[in-house]
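Contents: one structure, followed by commentary.
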Amino acid sequence: MLSTIRSGTNRWLAVFSSDARHYQLAFLCTFLLTGLFSLKWSLTPYQIPVTFAIALATQSIGILLLKLPIHSLKSAMISSFSLCLLFRSDDLLIIVMAAFITIASKFFLKSQNKHFFNPANIGICATILLTGKGWISPGQWGSEGIWLFLVGILGFLVVTKANRLELALSFFLGFGGALFIRMLLWQNWPVDALTHTFTSGSLLLFTFFMITDPASTPAHKTVRIIWAFAVGLLAFYLQAYKWVNAAPLWALFIMSPLTPLLDYLFKGEKWTWKIPTPVRVA
């Protein structure tokens, strides 16, 4: 019996580890549950079910019309979690609009058969720009260090699995390095002011799960490292000098249209979600 249990467990682990999106889904679900039950977030009762329903329905239509693989529903679920974690609105239609734009953007905003906006990023930013309603809520996370520590560790595992760790590090170097120079070396602020900036669940979520999206970032490795560094510098400018709320999200939104041009000028291997055949475990 123990042998049967061990075999079943190994088989389940093999299937789970075969797709990096499984790690993302597990983490994002855990963080959302933590926010709801530990941090007591006040989401409207319908935001989560409506977001998932619209996103998955839109993705399903795309699967039927374009004959896409069914596993692309996983990506729609990841985008839905990101919307629930970052976007807020009291208006049902605004929530529907954000979820629809998030998924539809993958089908309509493409270049060289590749979408160049992170779906959740454009869903959030475009909805706010078009309607003036809805908002990004970076202050909802509090400062519970243990959870932020888990965010960093799990995020590290995810980007390593997705082979985009260099994007997270490059963004942090640009954004964090500029803040370090300005706050500590130039303005002589206390170290606590700098560390407080980085104890934000929204910032870590953006770094590990949005800017590291392998499907929408530049294909050439060196170019995407420079691109992520530039996103960090732009986010620093927007936050430090324009007082823009959730500046990294807006910086990514502004820089994403450059991706098709960079892919055209600097060729690289196009990312695809490779789903290996599960290993049989005796």
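The values are calculated or read from the model by the stated rules, or taken from the named source; none is laboratory data. Remember, it's a predicted structure, so these values are computed and weren't measured experimentally. Glycine gets a Cβ as well: all are built from the backbone with ideal geometry, and neighbour counts include every protein chain shown. Heavy atoms of the whole protein, side chains included, go into the accessibility calculation; ligands, DNA and RNA do not. Shrake-Rupley method; radii C 1.70, N 1.55, O 1.52, S 1.80 Å.
Could you pull out every one of the helices (runs of 4 or more DSSP H) wholly within segment 87-165 that has 1 or more residues that are of a type in the set (A, V, I, L, M), modelled with pLDDT of 90 or more and farther than 21 Å from Trp250 by Cα? Spell out the reasoning first.
Working: elements: 92-108, 119-131, 145-161.
Here the list reads 92-108.
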Segment 187-210: number of residues that are closer than 13 Å to Asn121 by Cα and outside any helix (DSSP H, G or I): 1
Among (1) under 18 Å from the mean Cα position of the chain (by Cα); (2) of a type outside the set (A, V, I, L, M); (3) under 19 Å from Asn113 (Cα atoms); (4) surrounded by fewer than 20 Cβ atoms within 10 Å (Cβ to Cβ), the one test that Thr102 misses: (4)
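Report, by residue number, each residue of segment 32-67 that is assigned to a loop (DSSP other than H, G, I, E, B) and not hydroxyl-bearing (Ser, Thr, Tyr).
Our first condition is that a residue be assigned to a loop (DSSP other than H, G, I, E, B); within segment 32-67, this holds for 38-46, 67.
Leu39, Lys40, Trp41, Leu43, Pro45, Lys67, listed by residue number.
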Pair list, Cβ under 8 Å, 6 or more apart: segment 17-45 residue without any contact (Cβ under 8 Å) to a residue 12 or more places away in the chain and closer than 21 Å to Ser75 by Cβ, other residue part of a loop (DSSP other than H, G, I, E, B) and open to solvent by less than 40 Å² (accessible area, probe 1.4 Å): none
From the options Trp273, Trp243, residue that is surrounded by fewer than 16 Cβ atoms within 10 Å (Cβ to Cβ), under 24 Å from Ile124 (Cβ atoms), in contact with a helix residue (DSSP H, G or I) (Cβ under 8 Å, 6 or more places away or on another chain) and at pLDDT below 95: Trp273
